[in-house]
Structure formats: structure tokens, C-alpha cells
1. In degrees, nearest 10, range 0 to 90: what is the angle between the Cα axis of helix 236-267 and the longest Cα principal axis of the chain?
2. Compute the Kirkwood hydrodynamic radius of the range 97-188, taking the inverse of the mean of 1/r over all pairs of distinct Cα atoms, and give it in Å to one decimal.
3. Using +1 on the beta carbon of Lys and Arg, -1 on that of Asp and Glu, and nothing else charged, what's the dipole of the chain about the Cα centre, debye to 20?
4. If I model the chain as equal point scatterers sitting on the Cα atoms and use the Debye formula, what is log10 I(q)/I(0) at q = 0.06, 0.08, 0.12 Å⁻¹?
5. Please work out the Cα center distance from the range 238-280 to the range 158-175, rounded to the nearest Å.
6. Determine Rg/Rh for the range 33-84; Rg is computed over alpha-carbon atoms and Rh is the Kirkwood hydrodynamic estimate from the same atoms.
7. What ³J(HN,Hα) values, in whole Hz, does the Karplus curve 6.51 cos²θ - 1.76 cosθ + 1.60 give for the range 163-173 when θ = phi - 60°, with x put for Gly and Pro?
8. Along the charge dipole of the chain, Cβ charges K/R +1 and D/E -1, which of Ser288, Ser318, Ala134 sits furthest on the positive end?
Amino acid sequence: MPPAHTGAPVISGASTLSFPAPEPRSPGRPGYRRMSLALFAAGLATFALLYSTQALLPAVSAGFGVTAGQASWTVSAATGALALFVLPLSALSERFGRTRMMTWSMVIAVALGLLVPFAPNLEWLIVLRAVQGAAIAGIPASAMAYLAEEVQPKALVAAIGLFVAGNSIGGMSGRIVTGWAAQAWGWRAGLLTVGLMSLACAVAFLVLLPRARFFRPASLNPRAVGRTVAGHLRDPLLLRLYGIGALFMTVFGAVYTVVGFRLVDEFSLGQGVVGSVFLVYLVGTVSSAAAGRLVARAGRRGALYLAVTTTALGLLLSLAHSLAAILAGLVLITAGFFAGHAVASAAVSRTAKSGRAQASALYQSAYYLGSSAGGTLGALAYHSSGWAATVGIALLAVLGVVSITLYGSHAARSERRPMAAAAAR
């Protein structure tokens, strides 16, 4: 029987000294908790900064004397820039490292977060937010690739779920803080508060993040990157996952860009109370962190069906002219969205056998393009026809998720039949 592994150096022959290869991180192993906390802080800062103006849109609209659609560009510009820059920055992370890319992105995004509150007009605010979104683009895809390389496959969904949970906490706390700060001192003070909160998260991230042990730098060859991206875009499963991410985020972007206007217009709620509505993000924290267990019990497609059904029920419930019903609808929408996002993003990381950063970047690009489209279309629909029109756009996106998932189920059954027939021969 071989001796137990102690982790000590192994002496081979008379003079060769070798060390055991490092093992991927998993719950209970050294460094896993620090890694999880560091990426939780990164996820928190990412969503807090990216959506820092979303809860403040009514105040921004009033402050600059613009429409809901014009004010919504302070969100859409950031998410759109992220979608455009996430792929090139992920390629740079293949050459220079995941941790280096995340570090520089975090530093630049936080620095811009401290400048955004001083924008002199709407045009400058949109420009600064676009640059901030481009900086943030280096974080999500690099984080997904880092986790795929450093974490055991069985623990990957849970690890990514915790990163997504950080997104939900960041989205919630950022909106609550901005709402109450804006009510007391104005929307610029709200944005400054988010910048300072994200600065604290950045410090925690830099202190806690363990070094990468399995990253191997690749050459920065545009043709090679192009071939990798083209290969991912030819993969039917990855294409379906990208579509699911985009459509889920279309729903989320439409709902949360517009809901603040509805709460102010229909119920005359103050900015602080509107911000506090985003406490429902706690539901997203729970549902994204539980995504791993959900997949284990129901399978990936089963988990997606449950997530999309929950989202659709929430949208329908939000049509009621009752504050309690609207809040209950937001709870269901948030739970369904974060569960679906965690399942789809983890599936991308597991499906891609090479070029994981590019695979995750393509998912993030589709995801945030969905956010930009949802925010802009949702605001325009609300401005022209009210909340029901916004819900109509969101339900069309939900129908798209259902269609893609059903097609995936059919394709999987079609692939299994020839394999079963061959095995039976």
C-alpha cells in the first residue's frame, strides 16, 4: 500500500528533488476561501460600478432635464462598451495573465468611478460611463477563465455562482447606497459613495486573490485569437448559451432600468425608498449560489426551464397596480435571472476546452449587449406606452430563452439516438 501523501518534497534516486504538482482548488483546500472572497469582492465592485446610475435615473433625468430614454444611456453606454471590449481584453489576459488583467481593470474602473460624479453634463457623464464600462470589461471574462483553470470541475458551478452572488450583492448595495445618498445630498453624492465603496472592494480583492497556479501564457497572435473565436462561434452549444445569456440580460436590463421610473411616477416614492427596493437582489444572491445544487438535481436544461418559468411569472405579476405585487414580481424575476445566468455562464466555462477566456468573453459580450438592448428598449417602451410595453419586450426575450432551450433538448436527443444505435450493434 503506498504511503499517504504529506505534501513534502519527494526524493527520487540520490540527487533529484521533486515537488508534488499543485491540485486545483476546491472547498476545504488551501486558498479556496481567499480566492472565493477575492472574486466575491470583484463581483460586488463590478455590478456596483457598472449599474451605479441605474437607480438614480429619475434624479439624473430631472437634474439634466432629459427624458427617460436619454438618461438610460448612462447605463447602456457602460454595458455596451463592456460588451465591445470584453473580447480584446480577454485575449490580452491569455498573454499577460488573468490576475494582472483583473487588477488593472479594477484599478482603472474604480478611479473612473471617483471621477464620474463630477461630470459637468449628460454628454460627459455618458462618455465617462462608456470608458468605465470598457475598463470593467477586463474583469468578468478573466474571472471566469481564472476559476475554470484554478478550481476542480465539480466545484466550478458553485465557485462561479459565488462570483455571480457578488454581482447581485454589488447591484443591490450600490443601488441602495446611491438611493439614500441621493435623497440626502443629491445624485452626484450617490455616485461618489459607490466609488468609495468600490475602492474598498478593490483593496480587498488585491489583498486576498491567490496567484494563479495553472495559467500558461499564450502568444498574442491575432490570427490565432481569430481562429479560437471562430471555433467557439461554430460550436452549437456555445452559441445557444450565448443567446440564453443575452436574452436573460435583456429581461433584467429592461426591468431594472425602468422600474425606478414606475415607482416614482405611480407611487411617488422617494429616491431612497426606490433604491431600497433593490434589496430583492438578496434573492439573486441565494439563487445564484444555489445554482450548482439545482443543476445537480435537475440537470442544466431543467435548471434553465425552472429559471425562465420563475422569471416569466414575475413579469406577469409585476403588471398588477399594487406595490406588493410589483415587489413580489421583482423577487421572482431576480431569482430566475441570477439562477439562469449562473447556470449558463458555468456551462460556457465547462464546454470550452481551450480558449476559455475567449469563450467567456463572447458570453459576456452577448450578455451585456442584451443589457444595453434591454435597458434602451425598455426605457423607450415605457416612455411611449408604459410599464406593460416594457413587460412585453421582456416576455419576448423570455420566449426566446424557452425556444433556445427546447431546441437544445431536441438536438441532444437527436445526437443520442445514433450513439445508442451504434452501441446496440
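The values are calculated or read from the model by the stated rules, or taken from the named source; none is laboratory data. This structure is a prediction, so every number in the text was calculated from the model and none was measured. All Cβ positions, even for glycine, are placed from backbone atoms using ideal geometry, and neighbour counts span all protein chains on display. Ligands, DNA and RNA are excluded from the accessible area calculation, which covers all protein heavy atoms including side chains. Shrake-Rupley method; radii C 1.70, N 1.55, O 1.52, S 1.80 Å.
1. 30 degrees
2. Working: mean 1/r = 0.0665 Å⁻¹.
Result for the range 97-188, one decimal place: 15.0 Å.
3. Numbers: 30 positive and 9 negative charges, 320 e Å.
It comes to approximately 1540 debye.
4. -0.25, -0.43, -0.93
5. Taking the Cα centre of the range 158-175 as reference, the centre of the range 238-280 is 15 Å away.
6. Working: Rg = 14.3 Å, Rh = 12.4 Å.
Ratio value, two decimals: 1.16.
7. 4, 5, 4, x, 4, 5, 5, x, x, 5, 5
8. Ser288
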